[in-house]
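What follows is a single structure, written as structure tokens, with notes after it.
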Amino acid sequence: MPQLYFYYSTMNAGKSTNLLQAAFNYREQGMNPLVYNAEIDDRFGKGKVASRIGLEEKANMFNAKTNLYDEIFQYNNNKKVDCILVDESQFLTKDQVYQLSEVVDKQGIPVLCYGIRTDFLGELFEGSHYLLAWADRLIEIKTICSCGKKANRLVRLDQNGKVVKQGEQVDISDMDRYESLCRKHYKIKFNG
């Protein structure tokens, strides 16, 4: 029975690596996964999902105007699609999360979304908000804070290593400027 999954974590937890492993597993079984990534994510080049450990794969790109339901319907009509894998799913819109739920419910294709739950201010991304609300399965991918506890927050640092407390929700210009922390150390760093 197909379901809508949301695999979430902070940064550097291996979300993209997990997605790439899932795509490999589907192909190994002779199945056809369809991979998507946010158009805004050009850290490793356009049109691909890449992990920090060197794995990568071509991907279809989505932006706020992409109608995922219609696009997936067309792909599935041309060649059976066995699974949808979406990286950087925090950048989905509310409508796109709904479209993906319709892919599950009407087209019978499982959808696995991978993304960050909250931004550097502790606020939900739009896509994450609706995935948390509508997904059939929520799976946390764990990573750790420097203290050894589970990291579930992230801070953005400026060029001098100081915590950024305001600004645009999305800034992927330098991913090394983010640090994953446990709640306690997030509060200490953010409020300190």
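With 29 Å as the limit, write out which pairs from LYS48/LYS142; LYS48/LYS80; LYS94/LYS162; LYS65/LYS189; LYS15/LYS65 have Cα-Cα distances beyond it, or answer none.
Numbers: LYS48/LYS142 24 Å; LYS48/LYS80 21 Å; LYS94/LYS162 33 Å; LYS65/LYS189 37 Å; LYS15/LYS65 24 Å.
Long pairs (Cα-Cα over 29 Å): LYS94/LYS162; LYS65/LYS189.
Under 5 Å between amide H atoms, partner at least 5 residues away or on a different chain: which partners does ARG153 have, H built in plane at 1.01 Å?
Result for ARG153 returns LEU181.
Which listed residue (LEU100, SER9, VAL81) has the Cα farthest towards the positive end of the charge dipole for the chain, taking +1 on Lys and Arg C-beta and -1 on Asp and Glu C-beta about the Cα centre?
Farthest along the dipole direction, towards plus: SER9.
Could you check the spin-label model distance between GLU28 and VAL164? Points 7 Å from the Cα along Cα→Cβ, value in nm.
3.8
Are there any GluC sites (Glu not before Pro) in segment 38-137 that are in a DSSP loop and have at most 12 other Cβ atoms within 10 Å? List them by number.
GLU123
How far is the Cα center of segment 129-165 from the Cα center of segment 86-121, in Å?
18
Contour minus end-to-end for LYS189 and LEU121, with contour as 0.36 nm per residue of separation and end-to-end as the Cα-Cα distance?
Values: separation 68, 0.36 × 68 = 24.48 nm, distance 1.17 nm.
Result for the pair: 23.3 nm of gain on full extension.
Roughly what % of DSSP beta bridges within the chain run antiparallel, to the nearest 5?
About 35 percent, rounded to the nearest 5.
About its Cα centre, what dipole magnitude does the chain give when the only charges are +1 on Lys and Arg Cβ and -1 on Asp and Glu Cβ, stated in debye to the nearest 20?
820
Over the chain, with a Gaussian network built from C-alpha contacts below 10 Å, which listed residue (SER51, SER16, SER89) shows the highest mean-square fluctuation?
Result: SER51 has the largest fluctuation of those listed.
Taking the Cβ of each residue in CYS147, CYS182, CYS113 as the centre, tally the other Cβ atoms inside 10 Å and list the residues starting with the fewest.
With the sparsest Cβ surroundings first, the list reads CYS147, CYS182, CYS113.
Towards the positive end of the charge dipole of the chain, with charges on Cβ (+1 Lys, Arg; -1 Asp, Glu), say which of CYS145, TYR114, GLN21 has the farthest Cα.
The listed residue farthest towards the positive side: CYS145.
Treating only the Cβ of Lys, Arg, Asp and Glu as charged (+1, +1, -1, -1), what charge dipole size does segment 38-116 show about its Cα centre? Round to the nearest 20 debye.
Numbers: 10 positive and 13 negative charges, 30 e Å.
Dipole size: approximately 140 debye.
In the chain, with Lys and Arg counted as +1 and Asp and Glu as -1 at Cβ, which of these residues, LEU157, GLY30, PHE125, has the Cα nearest the positive end of the dipole, that is, farthest along it?
Ranked along the dipole, the leading option is LEU157.
Readers should treat all values here as calculations from the given coordinates under stated rules, not as data from a laboratory. Source: prediction; values computed, not measured. Cβ: placed from backbone, ideal geometry, glycine included. Neighbour counts: every protein chain shown.
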